[in-house]
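What follows is a single structure, written as structure tokens, with notes after it.
The values are calculated or read from the model by the stated rules, or taken from the named source; none is laboratory data. This structure is a prediction, so every number in the text was calculated from the model and none was measured. As a convention, Cβ positions derive from the backbone with ideal geometry for all residues, glycine included, and neighbour counts pool all protein chains shown.
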Amino acid sequence: MTTPHALAQRPGPRDLRAALERRIRQLWFEPRGSIDALLGLVLRPLGSLVGAVSVYRREQIARDKLAPRAAGSPAVVIVGNLLVGGTGKTPLLVALAKGLTARGWRIGVIARGHGSDDRGTGRLPRQVLPDGTASDFGDEPILIARETGLPVVVGRDRGAALRRLNAIEVLDVVLSDDGLQHVGLRRDIELAVFDSRGAGNGRCLPAGPLREPLSNALLLDAVVLSGKATSTPIPHSRVFHFQTVPTRVASLDDSRYWSIGEFAAQTRGQSLDALAGIGTPERFFDQLATLGIAARCWPLADHAPIDEGWLASLQGHWLIMTAKDAVRCVGFDAGLRSRCVVLHIEAVPEAALIDWLEDRLRG
């Protein structure tokens, strides 16, 4: 059995995409040698162009944000990234949705629906069904709907998704899973989530990981730092923190549950395969190692479909994955699902974040 840091490989287009994502992350966050330096120079003009366009778009968004909200319309709070890739925004959104619901606010969620088949009628905004498939709605929206029990609408046009959600429910607040750069979505509060990687090389796509210049963060309402991140990549007047905490392990068919300690002890010495199709798969593998769960690791591309035949071919006694990956395994063979287990995590924001958010929502 290999250590969690030994990444297994398999040939095929999906693996090439995953390998390309890892290579790009290295270029952005840990450049090495003359080749990376040369690539950085070649891509820098494109990054400057993206930055210039995004500054213009940010100014337009800021102007729209100043316009008064229509009477009776819910406030819109965006939980988003300036960086490409996972920073923990979706678990944070789930925690904020639960926290505000517990305080009596009527909450709904809109999302883009990455990973869904949005051709033809799939381009129209549609309400997420908790028992739907990732190809219908995207993996993260289904996960949000299941975790919160709240109405969730997905759509490429977030403004249209918001209108669709308003037609379904009478709400006080709508949380948007990402969408900071979406010009067509009027918003009231904007949160940017950063993790311990900071802003990488500080450049815009494709030269770096930023969707817009880091200085644009100063126009947002708050910065929220995830996990081990202790400082913001740019000074901001309002900074909050949250932690992601593993809570339990459950079989994919929901027939068995373990505490983290119970699962680590029970599987010690057994063969495990771990897979992660998230923005930064290494974070999941490192987390398993910290919990004492050793596995052969399979990094997948973000939102990548999981091939049932390939999954069944893995030799591990247990196949452990994230909750986001588990959504993409709905409908798999029952025997295969009994081998699959899910590590569930929960975001725990500091109380001051929800207090401040509630104050802002009250005006």
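Taking the conditions exactly as written (more than 21 Å from ALA312 (Cβ to Cβ), surrounded by 15 or more Cβ atoms within 10 Å (Cβ to Cβ), of a type in the set (D, E, K, R) and within 23 Å of the chain's Cα centre (by Cα)), does ARG238 satisfy them or not?
no
Need a quick list: helices (runs of 4 or more DSSP H) entirely within segment 88-180 having at least 1 residues that are β-branched (Val, Ile, Thr) and over 20 Å from the mean Cα position of the chain (by Cα).
Values: elements: 89-102, 134-137, 139-148, 158-168.
By residue number, 89-102, 158-168.
Can you confirm whether segment 266-275 contains a residue that is outside the structural domain of GLY200 (by TED's automatic domain parsing) and in contact with an Asp or Glu (Cβ under 8 Å, 6 or more places away or on another chain)?
Among the residues of segment 266-275, at least one is outside the structural domain of GLY200 (by TED's automatic domain parsing) and in contact with an Asp or Glu (Cβ under 8 Å, 6 or more places away or on another chain), which makes the answer yes.
With the structure loaded, tell me whether VAL50 is without any contact (Cβ under 8 Å) to a residue 40 or more places away in the chain and part of a helix (DSSP H, G or I) or whether it fails that test. Quick ask: steps written out before the conclusion?
Details: without any contact (Cβ under 8 Å) to a residue 40 or more places away in the chain: no; part of a helix (DSSP H, G or I): yes.
So VAL50 does not fit the description; no.
Using beta carbons and a limit of 8 Å, which pairs, at least six apart or on different chains, have the first residue in segment 302-313 and in contact (Cβ under 8 Å) with a residue 12 or more places away in the chain and surrounded by fewer than 18 Cβ atoms within 10 Å (Cβ to Cβ) and the second one hydrophobic (A, V, I, L, M, F, W, C) and in a loop (DSSP other than H, G, I, E, B)?
Partner pairs satisfying both residue conditions: GLU308/CYS329; GLU308/PHE332.
Identify all residues within segment 196-211 that are in a loop (DSSP other than H, G, I, E, B) and surrounded by 22 or more Cβ atoms within 10 Å (Cβ to Cβ); write none if there are none.
Answer for segment 196-211, where residues must be in a loop (DSSP other than H, G, I, E, B) and surrounded by 22 or more Cβ atoms within 10 Å (Cβ to Cβ): ARG203, ALA207, GLY208, PRO209.
For residues that are modelled with pLDDT of 95 or more and within 16 Å of LEU185 (Cα to Cα), scanning just segment 68-98, find the one that is surrounded by the fewest Cβ atoms within 10 Å (Cβ to Cβ).
Applying the filter and picking the extreme gives ALA75.
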